[in-house]
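The values are calculated or read from the model by the stated rules, or taken from the named source; none is laboratory data. All of these numbers come straight from a predicted model, not from anything done at the bench. Neighbour counts are summed over all protein chains in view; Cβ atoms, including those assigned to glycine, are modelled from backbone coordinates with ideal geometry.
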């Protein structure tokens, strides 16, 4: 009975985060309506839709206050990162493919290259930092790199010609009745009579973040209990439950961008979210934790499921997960850079995703 209850909590949290993402997309479209191609996805969308990962990582760390808390947040970030770059572009492509099989999901190769380089670099920084110790210097390095990434995007992508004005998207917005607005968590209709403005959009953004944050708290509690019931390490509980659940907002926003033919934003949201997750989702909680409690001891081995760890890396699952994530990211990015997104490339990416998961389990 306890297992069923906790799974229901997970489903409810996913439902609430999903509903909160719809009006958030309208608000982000309004606030970013003059942004250049490929800038909205990795900035406004990526930051806001990745707040679940940041909140989950923070809650894991400060809830457990030890290596188990760090591992739970770390696994959420790693699982979310793999899901984002594999599943989100695939789902975004399929969402428009089944509507119009002739439409081309075209990506700007310059944007693909830029996002890939920054994401791979963030993984390398994370790997080096883990080896030398999880402390305040580790967190500052990650945070500084993220702001360097944002500065680069603003300098480079504001010059790229923007897509069709987002006012067209906003003008297609339809008001709903009171009951439907409550069900959909539509704050535009509930508090502003359907009026979309700068003030209402900012209110919706913060309200959505608050609701997602509350959902994340209960998601962490449910994940911990489910892991305990199945007697598995919190790493795998967070990897399979919290990571996928926290990626729901990213997926929805990318699908919406794809349907609006903002393909580079749809793609960059996934990659920008990963850079945010690794640098801020891990860096920021560790920064405040280190200020209060000091460095995190990571010498304690993380319980594994497989047997490969018996033969190399001294069974260090954290380092192994970063190495495999780097290889996986490089492989998937190569497909996106050299091939257009079509059914064949989609199958390749999903196969790589399954290999990545099995590599972690077998270790």
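Which one of 219, 253, 210 is at negative phi, surrounded by fewer than 19 Cβ atoms within 10 Å (Cβ to Cβ) and in a helix (DSSP H, G or I)?
The unique qualifying residue is 210.
Just to be sure I understand the filter: pairs with C-beta atoms under 7 Å, separated by 6 or more residues or on different chains, first member in the stretch 267-279 and at negative phi and in contact (Cβ under 8 Å) with a residue 24 or more places away in the chain, second member outside any helix (DSSP H, G or I) and crowded, with 24+ Cβ neighbours inside 10 Å. Which pairs pass?
What qualifies is 268/38; 273/50; 276/50; 277/50.
Which one is surrounded by the fewest Cβ atoms within 10 Å (Cβ to Cβ), of the residues in the stretch 228-242 that are in contact with a helix residue (DSSP H, G or I) (Cβ under 6 Å, 6 or more places away or on another chain) and farther than 19 Å from residue 208 by Cα?
Among them, the one singled out is 229.
Kindly establish whether residue 314 is farther than 16 Å from residue 69 by Cα and surrounded by 24 or more Cβ atoms within 10 Å (Cβ to Cβ).
Against the criterion (farther than 16 Å from residue 69 by Cα and surrounded by 24 or more Cβ atoms within 10 Å (Cβ to Cβ)), residue 314 does not qualify.
Filter the stretch 95-110 for residues that are in a helix (DSSP H, G or I) and over 14 Å from residue 257 (Cβ atoms); which is modelled with the lowest pLDDT?
Once the filter is applied, the top-ranked residue is 97.
With the checklist (1) surrounded by fewer than 19 Cβ atoms within 10 Å (Cβ to Cβ); (2) part of a helix (DSSP H, G or I); (3) touching a residue at least 24 places away in the same chain (Cβ under 8 Å) in hand, flag the one item residue 201 doesn't pass.
Among (1) surrounded by fewer than 19 Cβ atoms within 10 Å (Cβ to Cβ); (2) part of a helix (DSSP H, G or I); (3) touching a residue at least 24 places away in the same chain (Cβ under 8 Å), residue 201 violates only (1).
Within the stretch 280-288, is even one residue over 24 Å from residue 322 (Cβ atoms) and more than 20 Å from the chain's Cα centre (by Cα)?
no
Confirm whether residue 185 is buried (at least 20 other Cβ atoms within 10 Å of the Cβ) and over 28 Å from residue 97 (Cα atoms).
Working: buried (at least 20 other Cβ atoms within 10 Å of the Cβ): yes; over 28 Å from residue 97 (Cα atoms): yes.
The answer is yes for residue 185.
Can you work out which of the residues in the stretch 338-360 that are in a helix (DSSP H, G or I), touching a residue at least 24 places away in the same chain (Cβ under 8 Å) and surrounded by 15 or more Cβ atoms within 10 Å (Cβ to Cβ) is farthest from the chain's Cα centre (by Cα)?
359
What's the number of the only condition in (1) over 15 Å from residue 235 (Cα atoms); (2) at pLDDT below 85 that residue 118 fails to meet?
Going through the list (1) over 15 Å from residue 235 (Cα atoms); (2) at pLDDT below 85, residue 118 breaks only (2).
What is the residue count in the stretch 255-278 for residues that are modelled with pLDDT of 75 or more and closer than 30 Å to residue 70 by Cα?
9
Give the residues of the stretch 1-17 that are in contact with a helix residue (DSSP H, G or I) (Cβ under 7 Å, 6 or more places away or on another chain), under 21 Å from residue 252 (Cα atoms) and surrounded by fewer than 14 Cβ atoms within 10 Å (Cβ to Cβ), sorted by residue number.
Scanning the stretch 1-17 gives no hits.
Restricting the search to the stretch 281-290, which residues are closer than 13 Å to residue 144 by Cβ and either crowded, with 24+ Cβ neighbours inside 10 Å or without any contact (Cβ under 8 Å) to a residue 60 or more places away in the chain (or both)?
283, the sole residue that qualifies.
Residue-by-condition table, conditions (1) more than 15 Å from the chain's Cα centre (by Cα); (2) surrounded by fewer than 16 Cβ atoms within 10 Å (Cβ to Cβ):
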{"site": "80", "(1), (2)": "no, no"}
{"site": "93", "(1), (2)": "yes, no"}
{"site": "99", "(1), (2)": "yes, yes"}
{"site": "110", "(1), (2)": "yes, yes"}
{"site": "115", "(1), (2)": "no, no"}
{"site": "129", "(1), (2)": "yes, no"}
{"site": "137", "(1), (2)": "yes, yes"}
{"site": "142", "(1), (2)": "yes, no"}
{"site": "152", "(1), (2)": "yes, yes"}
